[in-house]
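The values are calculated or read from the model by the stated rules, or taken from the named source; none is laboratory data. The shown structure was predicted, so the numbers you read here are calculated from the model rather than taken from an experiment. Cβ placement follows ideal geometry from the backbone for every residue including glycine, while neighbour counts extend to all protein chains displayed. In case anyone asks, the SASA skips ligands and DNA or RNA and just uses the protein heavy atoms, side chains included. Shrake-Rupley method; radii C 1.70, N 1.55, O 1.52, S 1.80 Å.
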Amino acid sequence: MEFVAIVEALALLEYGVFILICGHARGRHGVPAPATTGNAAFERAFRVQMNTLEQLVIFLPGLLLFALYASAPWAAALGLVFILGRALYARSYLTDPARRGPGFGITLLANGALLLGGLIGAIVELL
Amino acid sequence: MEFVAIVEALALLEYGVFILICGHARGRHGVPAPATTGNAAFERAFRVQMNTLEQLVIFLPGLLLFALYASAPWAAALGLVFILGRALYARSYLTDPARRGPGFGITLLANGALLLGGLIGAIVELL
Amino acid sequence: MEFVAIVEALALLEYGVFILICGHARGRHGVPAPATTGNAAFERAFRVQMNTLEQLVIFLPGLLLFALYASAPWAAALGLVFILGRALYARSYLTDPARRGPGFGITLLANGALLLGGLIGAIVELL
């Protein structure tokens, strides 16, 4: 389970980097709080952070469910795929939102596999 | 605890469906990323997703705390109430935001019961 | 671990209070759903809630990782620092967004300490 914990912490560190990028863009492009719109570059950084938050809410419990009811090593592996997919997503979104597809798809697949694998594993455990 | 894990996974699957509905609305109503405003139907789908995210952040730990420190079967039951309340909330919000009250109230009650029950259970455990 | 569970529940209760403040501001300042902009006082309350959500997604797993792999009592203590920092953040942001710095910094430090401490603890456990 330590590997799973490390992958979980790394995913959160990556998210922390997205928060810092977004905060930096707020200052650099002059978007005063509480506004979250008004500059396209800031809005991209904000959406990278928000979309990652939206996905983490599935990822974090999904990772644990998969580790507990399916396989801890595979949970860690799928977690790494999620982290790499998010890095690709952020890189392409910040350049051009239209190119966010592949990175988004990779994290969606990893997330779906973790959640469904965890759900199926828990159901099998019950039978 | 398997029942609790299954209810947790089902709540996340429901949230995943709200994400898909929101993504579909983005395409259908022509709201290009990173915008999150500009079309009322998209904004409703976006708020259903976001509000569910806001509630899940209480629900997921609350469910676990209640299962650990109060009662696992009752945690699963309250979790199902949350899921059904969210479905009602989404259905009514997507039709007419003014009607979101009952569904919102049901999930708020389930969430409050899970969190306060878990908190009281943990305090009692300590005494 | 009961202390950690209690701190976790208290942080979620604080977040619940921010949700209620935001909902109250929506009604009081006449911002009909699904809008999240249009009135500065409502936008501040909304950002307090959203930013706390953004931070909780790191805080909740970080608290557990730190409690499991570093120290449960210190996790609870850092968790209390987070809760107090958030209260300060909310108070100052609702008055004047420009003054949100100190409260934000305190929660960021607590969050960083929990996450990095948990990560290092898990790595040490592995060695």
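Table for the structure above
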| read-out | value |
| --- | --- |
| Residue ID - surrounded by the most Cβ atoms within 10 Å (Cβ to Cβ), chosen from residues in the stretch A:14-46 that are closer than 20 Å to A:Phe82 by Cβ and out of contact with any helix residue (DSSP H, G or I) (no Cβ under 7 Å at 6 or more places or on another chain) | A:Val17 |
| Subset of the stretch A:81-107 [within 16 Å of A:Ala11 (Cβ to Cβ) and in contact (Cβ under 8 Å) with a residue 24 or more places away in the chain] | A:Val81, A:Phe82, A:Ile83, A:Gly85, A:Arg86, A:Ala87, A:Tyr89, A:Ala90, A:Phe104, A:Ile106, A:Thr107 |
| Some residue of the stretch C:55-66 being away from chain B (no Cβ under 12 Å), buried (at least 16 other Cβ atoms within 10 Å of the Cβ), small (Gly, Ala, Ser) and farther than 28 Å from B:Gly105 by Cβ | yes |
| Residues of the stretch B:95-111 that turn out to be open to solvent by 60 Å² or more (accessible area, probe 1.4 Å) and in a helix (DSSP H, G or I), as a count | 7 |
| First in the stretch A:31-46 and away from chain C (no Cβ under 13 Å), second anywhere and of a type in the set (A, V, I, L, M, F, W, C) and not in a helix (DSSP H, G or I), Cβ under 6 Å, 6 or more apart | A:Asn39/A:Val31; A:Phe42/A:Val31 |
| Identity of the residue in the stretch A:1-13, open to solvent by 50 Å² or more (accessible area, probe 1.4 Å) and among the aliphatic types (A, V, I, L, M), that ends up farthest from C:Asn111 (Cα to Cα) | A:Met1 |
| Cβ-Cβ under 9 Å pairs, at least 6 apart or on other chains, the stretch A:1-18 side farther than 23 Å from A:Arg47 by Cα and within 7 Å of chain C (Cβ to nearest Cβ), far side hydroxyl-bearing (Ser, Thr, Tyr) and in a helix (DSSP H, G or I) | A:Glu2/C:Tyr69; A:Ala5/C:Tyr69 |
| Search result, residues across the stretch C:85-105 that are closer than 18 Å to C:Gln49 by Cβ and away from chain A (no Cβ under 13 Å) | C:Gly85, C:Arg86, C:Ala87, C:Leu88, C:Arg91 |
| Test: residue in the stretch C:64-73 that is at pLDDT 95 or above, in contact with an Asp or Glu (Cβ under 6 Å, 6 or more places away or on another chain) and in a helix (DSSP H, G or I) | yes |
| Residue within the stretch A:69-80 that is open to solvent by 40 Å² or more (accessible area, probe 1.4 Å), touching a helix residue (DSSP H, G or I) at 6+ places or on another chain (Cβ under 6 Å) and of a type in the set (Gly, Ala, Ser) present | yes |
